[in-house]
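Here is the structure we will look at, set down as structure tokens.
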Amino acid sequence: MEHDPEEIWLRTQEVIAGALRQSGAKPSDLAAIGITNQRETTLLWDRRTGKPVANAIVWQDTRVAGDVAKFSRDPGQDFFRAKTGLPLATYFSALKICWLLENVPGIRSQAEAGNVLFGNIDTFLVWKLTGGPGKGVHVTDVTNASRTQLMDLKTLSWDQDILKTFGIPAQMLPRICSSSEIYANAAEPELAGVPIAGILGDQQAALVGQTCFAAGEAKNTYGTGCFLLMNTGEHPAPSKHGLLTTVAYKLGAQPARYALEGSIAIAGALVQWMRDNLGLIQASPEIEELARTVEDNGGVYFVPAFSGLYAPYWKDTARGVIAGLTRYANKGHLARAALEATAFQTRDVVTAMEQDSGIQLNVLRVDGGMVENDLLMQFQADILDRPVVRPLAKEMTALGAAYAAGLAVGFFKSTDELRSHWSAGREWRPKMEAIRRESLYQSWEKAVTRSFDWLE
């Protein structure tokens, strides 16, 4: 699963130009630029030309599954988790870097000579925006660095032992910065002179956008995947129940804040699959209308383990299953099962998060594209047995990046000021009877086990 980095850069330029044109703004009108990005997606490019050496490898790509098995045997699973907070999985950047170094001819020697740079998409865009070859600033922030499986969570620096284990040259890596500081001024003509002052990985950006600045506050973002993050304060919280320990954010010189994260690989992507691969709908929003043609899921459960199962199971060898099919089942039941899969997976993660943190979530703050789906949000409240709240502003990821940049340049004075901007837009309260809730969830758990170990 790959992305064309040149296309991403082209679209970024188009969006910048379009936003300035529509708003009538000039570079001098802008206080700062914040960047948020899809994490883990791995990109190598030539320092001298700015040209990518290959397509970016997307976080959902599973080509390194064999390497996961190899490194799990030696040096072992806990060698990486203890320092990085991450289990060995196809998800993170380190093994994707290894794959590129081994499979693109001549790249390893160029990387060792300092001519090939690594970055997630945030790093690539900052480098491009600040002038590219000969001028570009090669940086990332602590949230993105924490998803590479190469950064020590406590020191917030690249770990030399892990780099040696993976065989990754240190000179490829960007400088790790906070999430909110002035990294450099933009050189791109459309933005010339504007400080680039905020970087946050997309899920951490949503946590900041939702103003979850206190330990115990959490949000869930429903996008291609689904990502639940809980702020755990100034100390990393190790997980015993299949979650990730990650950096939540670091605002300037303040201490880093950490989070527990439950990562679900497939959420909105399942709706896209129903649209593109099965042709059951023409546009993604139609999934709700189709699901409402039936009263319930008809006993059908959809476990979308297309690239394995992420939190809390971490089974690379799982694959997707549809369970409970009878002749009674129709496309409406499939649509409903697809939506319910996201809610069931979220309950899996909430349960693990409460066990790890010892904190019960009294309410779940939600954002992302799927929160427009009322049927899904009501079922989410029902299966969790607690309220689900959507803020008035729905695009929390972009907002969080803007908040980080604005804090760095003094446009916003404090996190208390940011809190004052948050307001609830809609709330869903649970209506389902407890016996039905638990019956549905038990059937879901049974379906999940059917997906295990599909690959030998």
Checklist entry - Could you give the angle, 0 to 90 degrees to the nearest 10, between helix 396-408's Cα long axis and the longest principal axis of the Cα atoms of the chain? => result 30 degrees
Item to check | Extent along principal axes [Cα atoms of the stretch 149-262; Å; largest to smallest] | outcome: 47, 38, 31
Item to check | Amide proton proximity set for Ile35, modelled H, under 5 Å, gap of 5+ | outcome: Gly198, Ile199, Leu200
Checklist entry - Rg to Rh for the stretch 123-204: what is it, with Cα atoms only and Rh by Kirkwood? => result 1.01
Checklist outcome for this item: The Cα radius of gyration of the stretch 338-456, divided by 2.2 N^0.38 Å with N its residue count, comes to 1.30
Checklist entry - Does the stretch 232-324 classify as rounded, prolate or oblate by the C-alpha gyration tensor (a ≥ b ≥ c root eigenvalues; a/c under 1.5 gives rounded; else a/b over b/c gives prolate, otherwise oblate)? => result prolate
Checklist entry - Taking θ as phi - 60°, what are the ³J(HN,Hα) couplings along the stretch 277-291 by the Karplus curve (6.51, -1.76, 1.60), each to the nearest whole Hz, with x for Gly and Pro? => result 8, 9, x, 6, 9, 8, 9, 4, x, 5, 4, 5, 4, 5, 5
Checklist outcome for this item: Expected vector for the stretch 318-323, Karplus 3J(HN,Hα) from phi with 6.51, -1.76, 1.60 and θ = phi - 60°, integer Hz, x for Gly and Pro, equals 6, 9, x, 9, 10, 10
Checklist entry - Can you list the HN-Hα couplings for the stretch 374-387, worked out from phi with the Karplus curve (6.51, -1.76, 1.60; θ = phi - 60°), rounded to whole Hz and with x for Gly and Pro? => result 5, 4, 5, 5, 5, 5, 4, 4, 5, 6, 8, 6, 7, x
Checklist outcome for this item: Share of accessible surface on carbon and sulfur in the chain, whole %, 1.4 Å probe and ligands ignored, is 50 percent
Next on the checklist: Counting other C-beta atoms within 10 Å, and keeping those with at most 14, which DSSP coil trypsin sites (Lys or Arg not before Pro) do you find in the stretch 23-60?
Outcome noted: Arg48
Checklist entry - So what is the 222 nm mean residue ellipticity for the chain from helices alone, if each DSSP H run of at least 4 adds -39500 (n - 2.57) and you divide by all residues, rounding to the nearest 500 deg cm²/dmol? => result -11000 deg cm²/dmol
Next on the checklist: Strictly over 26 Å apart at the Cα level, which of Lys135/Lys164; Lys96/Lys315; Lys219/Lys431; Lys51/Lys83; Lys96/Lys394 would you flag in this model?
Outcome noted: Lys135/Lys164; Lys51/Lys83; Lys96/Lys394
Checklist entry - Arranged from highest to lowest average of other beta-carbon atoms within 10 Å per residue, in what order do the peptides 364-370, 280-286 appear? => result 364-370, 280-286
Next on the checklist: Just to be sure I understand the curve: with the Debye formula and one point per C-alpha of the chain, what is log10 I(q)/I(0) at q = 0.09, 0.10, 0.14 Å⁻¹?
Outcome noted: -0.58, -0.72, -1.40
Next on the checklist: Give the lysines whose C-alpha is closer than 25 Å to that of Lys331, dropping any in the same chain fewer than 8 places away, or say none.
Outcome noted: Lys446
Item to check | Percent breakdown of C-alpha pair distances by 5 Å bin, ordered from the shortest bin, for the stretch 286-362 | outcome: 3, 15, 20, 19, 16, 14, 9, 3, 1
Checklist entry - Non-local amide H neighbours of Ala54 (under 5 Å, H modeled in plane, Pro and chain starts lacking H): which ones? => result Leu44
Checklist outcome for this item: Given all pairs of distinct Cα atoms, the stretch 15-73 yields a Kirkwood Rh in Å of 15.5 Å
Checklist entry - What FRET efficiency, computed as 1/(1 + (r/R0)^6) with R0 = 45 Å and r the Cβ-Cβ distance, is obtained for Arg275 and Arg73, rounded to the nearest 0.05? => result 0.65
Checklist entry - Accessible area per residue, 1.4 Å probe, Å², for the chain: what's the number? => result 40 Å²
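The values are calculated or read from the model by the stated rules, or taken from the named source; none is laboratory data. No experiment lies behind these values; they were computed from the predicted model shown. Neighbour counts run over all protein chains shown; Cβ positions are idealised from the backbone, glycine included. Remember, those area values only see protein heavy atoms, side chains included, never the ligands or the DNA or RNA. Shrake-Rupley method; radii C 1.70, N 1.55, O 1.52, S 1.80 Å.
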